[in-house]
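The values are calculated or read from the model by the stated rules, or taken from the named source; none is laboratory data. Since this is a predicted model, take the numbers as computed values, not measurements. Quick reminder, even Gly has a Cβ in these numbers, built from the backbone with ideal geometry, and neighbours come from all protein chains shown.
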Amino acid sequence: MSRRSKAQCIRIVTVLMTIALVGTARAETGYEAGRGLITLEGPSGMFINPTSATLPENAATLQYCVFFPENRTDVVGHGLMGAYGVTDELEIGGIGNYVDRNSASGLSAGGPIVRYRLLKDEEMVPQLSIGGYSRFGDDELDKYAVFVAAYKRVPVQEDGFIRSIGFHGGIRNLWVDDDVNPDDTTLAGYGGGEIQMPLRVYAVGEVTTKDSDFNAHVPYAFGLQWRAPGVAMSAAGIQNGNTSDISFYYGIGLSGSF
């Protein structure tokens with residue numbers, strides 16, 4: 001990553017954190033924020049990309065995921081994410097990744113995350129958040145990112161088989177190490193949808209715009225998330241943009257309030 005890109009990203013993340021740290025609120029009850037689980041990018045969301053939901057005040061979560069590129073075990077990716085709701089609007093935490101490679105030494109990296117909700121999903125106004133995250137470690141995993149994400153929930157039949165339909169959208173700017181990719185920055189748009197079913201089971205799908213300097217294919221994912229209180233799980237098929245086949249992904253998380 002070039003010095004200029006690093007400085008630019010640090011300035012943006014500093015602004016985001018400054019905006020986030022001025023917010024305070026009381027804990028919410030019964031608000032459906034469309035919060036997902038740990039993603040390939042790290043912060044909670046669909047399966048690849050982060051979304052706009054923040055943790056309630058004084059709530060915390062610890063989550064883990066595993067990804068099998070090409071559905072093989074010679075390379076396996078592991079992810080870890082922990083986060084805490086400082087207020088209903090402000091969430092902070094950290095992410096970490098480890099790539100286990102049979103033919104070479106493993107790769108590891110980790111760093112902070114921050115997300116701040118600007119708007120709640122109310123009437124015609126969608127939920128809107130800004131955020132940033134980074135990983136520091138081996139060059140292949142180094143990254144800095146900022147994002148803007150939105151969400152709108154449409155109730156269908158709260159006691160029926162399809163309880164609601166949700167729509168996610170976002171824009172993400174990513175910087176990587178220029179030793180890994182000379183074009184060290186990429187801007188991507190993404191969108192997705194979720195269908196809420198009984199027992200807090202959600203069918204989720206998403207797609208991301210393709211950047212030819214970073215991706216051989218259009219990234220997309222589809223699968224299920226079980227967002228039960230206290231424990232949650234996800235299972236998906238993911239095309240991360242650089243595999244030839246849809247690859248298996250699994251995540252699990254624990255959460256609670258203080």
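Which ones in the stretch 231-242 are in a loop (DSSP other than H, G, I, E, B) and exposed (fewer than 14 other Cβ atoms within 10 Å of the Cβ)?
ASN242
If a residue must be part of a strand (DSSP E or B) and under 18 Å from ALA216 (Cα atoms), how many such residues does the stretch 176-198 contain?
The total comes to 7.
Is it the case that some residue within the stretch 35-47 is at pLDDT 90 or above and surrounded by fewer than 19 Cβ atoms within 10 Å (Cβ to Cβ)? Explain how you work it out, then say what you get.
Looking only at the stretch 35-47, we keep the residues that are at pLDDT 90 or above, and these are 35-47.
Now narrow it down to the ones that are surrounded by fewer than 19 Cβ atoms within 10 Å (Cβ to Cβ): none.
No, the stretch 35-47 has no match at all.
Could you please give the count of residues in the stretch 31-65 that are assigned to a loop (DSSP other than H, G, I, E, B), among the hydrophobic types (A, V, I, L, M, F, W, C) and more than 8 Å from the chain's Cα centre (by Cα)?
3
To keep it simple, each residue is scored yes or no on (1) not hydroxyl-bearing (Ser, Thr, Tyr); (2) not in a strand (DSSP E or B).
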{"position": "ASP211", "(1), (2)": "yes, yes"}
{"position": "SER244", "(1), (2)": "no, yes"}
{"position": "TYR249", "(1), (2)": "no, no"}
{"position": "LEU254", "(1), (2)": "yes, no"}
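Looking at (1) loosely packed, with under 14 Cβ neighbours inside 10 Å; (2) part of a strand (DSSP E or B); (3) aliphatic (A, V, I, L, M), find the lone condition where VAL218 falls short.
If we test VAL218 against (1) loosely packed, with under 14 Cβ neighbours inside 10 Å; (2) part of a strand (DSSP E or B); (3) aliphatic (A, V, I, L, M), just (2) comes out false.
What are the pairs, 6+ residues apart or on separate chains, where a residue within the stretch 65-86 that is surrounded by fewer than 16 Cβ atoms within 10 Å (Cβ to Cβ) has its Cβ under 7 Å from a residue that is of a type outside the set (Val, Ile, Thr) and in a loop (DSSP other than H, G, I, E, B)?
Sorted first by the residue in the stretch 65-86, then by its partner, the pairs are GLU70/SER244; GLU70/ASP245; ASN71/ASP245; ASP74/ASN102; ASP74/SER103.
Could you check the stretch 117-151 and list, in sequence order, the residues that are in contact (Cβ under 8 Å) with a residue 12 or more places away in the chain, more than 19 Å from the chain's Cα centre (by Cα) and assigned to a strand (DSSP E or B)?
Across the stretch 117-151, the qualifying residue is only GLY137.
Scan the stretch 92-103 residue by residue and report those that are over 13 Å from the mean Cα position of the chain (by Cα) and crowded, with 22+ Cβ neighbours inside 10 Å.
Answer for the stretch 92-103, where residues must be over 13 Å from the mean Cα position of the chain (by Cα) and crowded, with 22+ Cβ neighbours inside 10 Å: just ASN97.
Name the residue, out of ASP179, ASP184, that is surrounded by fewer than 16 Cβ atoms within 10 Å (Cβ to Cβ), over 13 Å from the mean Cα position of the chain (by Cα) and within 22 Å of GLY111 (Cβ to Cβ).
Values: ASP184 fails: surrounded by fewer than 16 Cβ atoms within 10 Å (Cβ to Cβ).
Among ASP179, ASP184, only ASP179 is surrounded by fewer than 16 Cβ atoms within 10 Å (Cβ to Cβ), over 13 Å from the mean Cα position of the chain (by Cα) and within 22 Å of GLY111 (Cβ to Cβ).
Would you mention how many residues in the stretch 189-227 are in contact with a Pro (Cβ under 8 Å, 6 or more places away or on another chain) and hydrophobic (A, V, I, L, M, F, W, C)?
Qualifying residue count, the stretch 189-227: 1.
From the list GLY106, GLY132, GLY137, exactly one residue is in contact with a strand residue (DSSP E or B) (Cβ under 9 Å, 6 or more places away or on another chain), modelled with pLDDT of 95 or more and either among the small types (Gly, Ala, Ser) or surrounded by fewer than 17 Cβ atoms within 10 Å (Cβ to Cβ) (or both). Which is it?
Details: GLY106 fails: modelled with pLDDT of 95 or more; GLY137 fails: modelled with pLDDT of 95 or more.
Every option except GLY132 fails the conditions.
Consider the stretch 88-100. How many of its residues are in contact with a Pro (Cβ under 9 Å, 6 or more places away or on another chain) and part of a loop (DSSP other than H, G, I, E, B)?
Of the residues in that region, 1 qualify.
For the stretch 177-199, enumerate the residues that are more than 28 Å from VAL154 (Cβ to Cβ) and either modelled with pLDDT of 95 or more or out of contact with any helix residue (DSSP H, G or I) (no Cβ under 9 Å at 6 or more places or on another chain) (or both). Break it down stepwise before answering.
To start, the set of residues in the stretch 177-199 that are more than 28 Å from VAL154 (Cβ to Cβ) comprises 177-187.
Correct list: ASP177, ASP179, VAL180, ASN181, PRO182, ASP183, THR186, LEU187.
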